[in-house]
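One structure below.
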Amino acid sequence: MTNTHQVVAAMVWNIAEFITLCVNRKGIHPGAHIGLDNLLFWALLSAAAISFYNIAQSGESPALGKYTAAAVFDVLAA
């Protein structure tokens, strides 16, 4: 899932919450909020890490080295 897809998914989720609040005045269950927010967070984090890794491997930025990209993946793997 690319960053654009994640933004669209978050917008659709917020619109669904607004419609639910207008219709039955209770909103979406809090557990569903936690689950979807976690899913969106991890999807965005993994997409950012992959983008960061690709930039580091391409050599476009001298500030981003292989060791920095490896440290990001070590944090994600923990």
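So here's what we get for this one:
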| item | result |
| --- | --- |
| Burial ranking of peptide ranges 40-49, 17-26 (average Cβ count within 10 Å, highest at the top) | 40-49, 17-26 |
| Net +/- balance of residues flanking ALA10 in space, Cβ distance below 15 Å, scoring K and R +1, D and E -1 | -2 |
| Whole-Hz couplings from phi, Karplus 6.51/-1.76/1.60, listed for the range 47-58; x for Gly and Pro | 5, 5, 5, 5, 4, 4, 5, 5, 5, 5, 6, 6 |
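None of the figures in this text is laboratory data; all of them are computed from the coordinates on show. Bear in mind that the values here come from a model prediction, so they are computed numbers and not experimental data. Every residue, glycine among them, receives a Cβ derived from its backbone with ideal geometry; neighbour counts consider all protein chains shown.
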